[in-house]
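Taking it in order: structure first as structure tokens, then the write-up.
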Amino acid sequence: MSKTYTIKPGVRYPSGAKHDADGVNFSIFSRHATRVELLLFEFGDSPQPFQIVELDAEVNQSFYSWHVYLEGLPLGIWYAWRMDGPCDIRRTGVCFDGEKHLLDPWARAVSQKLWDRSAAMSPGDNGETSMRSMVVDGDYDWEDDEPLRMPFENAIIYEMHVGGFTRHASSGVTHGGSFAGLIEKIPYLQSLGITHVELMPVMAFDEQDVPHSTAKLGLKNYWGYSTHSFFSPHPEYCVTPDKGTHRTEFRNLVKALHRAGIGVIMDVVFNHTSEGGAGGPIINFKGIGSSVFYHLDHNDMSVFRDYTGCGNTVNANHPVVATFIISCLEYWVREMHVDGFRFDLASALARGENGEPMHDSPVLWGIELSETLAGSKLIAEAWDAAGLYQVGGFPGYRWAEWNGRYRDVVRRFVRGDKGITAELATRIGGSSDFYQPQGGMPINSINFVTCHDGFTLNDLFSYNEKHNEANGEDNRDGHNDNLSWNCGAEGQTRDPVILALRKQQAKNTIAILLLSQGVPMLLSGDEVLNTQRGNNNGYCQDNELTWFDWRLTEVHADMLRFVRTMSALRRRHPSLMRRRFLTGNSINGRSMPDITWHGISLGKPDWQDTNSQVLGFTLAAVDENEADLHVMFNMSAKEVEMDVPTVDARCWKRAVDTGLVSPDDISPADEQIHVDAGRYRLKPRSVVVLEGLAV
């Protein structure tokens, strides 16, 4: 391209590239830059710019923003920035490299075709191996779509990886590993009865961000917790990213999911970026000004404080950074129609500029109080990698939290640990000890037993130890304390007794999860007993080890049926989806309490028994046409008989008994068999659910 474009001063708002009928305005923030250039490229992989625009501080700078307007510049042009300025990194944290090509942090579409992370780690020009941003417009026909406003108490979340869900050859989709491929699998998601997908990171991330020993094995960053462009969908999940279709392809997915009644929650990573620590690459924020965007050691500002385990920590409560984060979230709601966010290592966002936890973090309160985000779901991973653990105490009130303590007690109970029924009851009841004192509700608790980070449900009952050798880190990575139990053999086995027990344990776990107050979250693939062969940290495994194997829907059809039917049971019981905590008092004019806890005998739970592995409860219906529930857990290795109550002349029918062989393990409402009141014999390691309607 030989044409050059006429330059005007431009304006500082909005940040990024804004196209209109006459051209494009570019604006970027930098507090300390003294020389700024805009580089224009014909394509995302053009080795050289066709025009370089040097900005004049007298004309193109307003406060800390640099801006320029190019007349007649069309959509589809790619661009990058170069900045120069002072270098006094130890004293000020500022050291510019005037030759480095920088991504626009506000870019709506990016290309990684030329990217070489190692070149960005070394000083000097990396123009032929840099990433580029594209000028795109905002036009899209939403066809009256809006973010869903579903009551959170009714939610069932399904955590999934966009790429891995359809990359396996068995997926049968046209464009595997893409937003478009996921659209083809929406009927399957509907069949599970889930209400929201929680997408692992889909903001543009650096796939080359892995340890050297891992990269030598040909592995890459698969999970995506290495964001560099927070406004751009990940180009590798797009079918035609060279055409700048990032936003259109993501919007198509959101619109299709909404039509199916499924909300979209994005897993977002604002705690750190892909630029790593002092030895990491210069991509955007470092080249603009590390002292603003990152936590630096005040004694030696060349040192990046690392509260995330990823080399750097975003300085989220700096006014500029807080504004960046909040405007980014508002963008994804306003222009991309997402329904909520899950914040990775969210406790890092609660740290002030000195690194200390803040009781009232401005960025967290800003997110909570944003009018644009008022209808969005906010979910915190309420801990960071430096020991700040805030489950039950995360700043703010709207925030829900991944309840790690729920996960741990359920894992321990199902594997057979004794004497924890009192804590289990509290977690099943919505963790009122955490949330009620600060005015919270059961929906503040995101209940989960497995997630992307750790063992799959199948592996939780197949391995006593992690087996991460394939990651290239000598099995040092990943959690060591998994609260797992291999049921008698480590890993794969052909022993039918062990295999049956493992599947029964998986069903027990799903049943407990979906019988708990709060918001349940399922891990994609658990419903078909996906295995990662003991690898509990598949962050770098973009291969069949982590991909969803669609053949398992047939191999483990009974498990899939169990999850679907259990999900349907939860949905027909508003008593399992209460917005307020259980009290033990009667409701709706009935003499029956909202919940009664039991042990072997009615009304006599074994709270003080250090050997107890048995728990039961009766849950009163809240709707006129709803059945009462009587639930019994036996995680001991022997059969037990437990009392079944007589309640208001109710007729009990068996909905679930995980001790029975499929299809008798779970029954739809219209296929249940009658159970006499009195006593019920539970098989070892089993969950039983009875539904009671008035006769």
Item to complete: Among what's in segment 413-463 and is farther than 30 Å from Trp547 by Cβ and of a type in the set (D, E, K, R), pick the residue that is surrounded by the fewest Cβ atoms within 10 Å (Cβ to Cβ).
Response: Asp433
Worksheet item: Across segment 6-26, what is the number of residues that are crowded, with 20+ Cβ neighbours inside 10 Å and aromatic (Phe, Trp, Tyr)?
Response: 1
Worksheet item: Would you pick out the residues in segment 118-152 that are crowded, with 17+ Cβ neighbours inside 10 Å, hydrophobic (A, V, I, L, M, F, W, C) and assigned to a loop (DSSP other than H, G, I, E, B)?
Response: Met131, Val135, Val136, Leu148, Met150
Fill in: Qualifying residues in segment 83-114 (those that are touching a Cys at 6+ places or on another chain (Cβ under 8 Å) and part of a strand (DSSP E or B)) - the one farthest from Ser302 (Cα to Cα)
Cys87
Worksheet item: What are the residues in segment 14-34 that are assigned to a loop (DSSP other than H, G, I, E, B) and within 18 Å of Tyr331 (Cα to Cα), if any?
Response: Pro14, Ser15
Discussion item. Just to be sure I understand, how many residues within segment 522-569 are over 14 Å from Tyr188 (Cα atoms), within 21 Å of the chain's Cα centre (by Cα) and of a type in the set (A, V, I, L, M, F, W, C)?
Written reply: 6
Item to complete: Scan segment 339-372 residue by residue and report those that are polar (S, T, N, Q) and either over 16 Å from Tyr389 (Cα atoms) or surrounded by fewer than 17 Cβ atoms within 10 Å (Cβ to Cβ) (or both).
Response: Asn354, Ser370, Thr372
Discussion item. Quick test of your reading of the structure: His298 fulfils all but one of (1) without any contact (Cβ under 8 Å) to a residue 60 or more places away in the chain; (2) buried (at least 24 other Cβ atoms within 10 Å of the Cβ); (3) not in a helix (DSSP H, G or I). Name the failing condition by number.
Written reply: (2)
Discussion item. Would you confirm whether or not segment 201-217 contains a residue that is under 30 Å from Leu560 (Cα atoms) and either without any contact (Cβ under 8 Å) to a residue 40 or more places away in the chain or buried (at least 24 other Cβ atoms within 10 Å of the Cβ) (or both)?
Written reply: yes
Item to complete: Using the structure shown, decide if Val321 is farther than 30 Å from Gly261 by Cα, in a helix (DSSP H, G or I) and either in contact (Cβ under 8 Å) with a residue 40 or more places away in the chain or touching an Asp or Glu at 6+ places or on another chain (Cβ under 9 Å) (or both).
Response: yes
Item to complete: At least 3 residues that are within 22 Å of Val414 (Cβ to Cβ) and in contact (Cβ under 8 Å) with a residue 60 or more places away in the chain in each: list the strands (runs of 3 or more DSSP E) lying fully within segment 565-665 that qualify.
Response: 614-619, 628-634
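Just so you know, all these numbers are worked out from the coordinates, no wet-lab data involved. Here the structure is a predicted model, which is why all the values come from computation and not from measurement. Backbone-built Cβ (ideal geometry, glycine too); neighbour counts: all protein chains shown.
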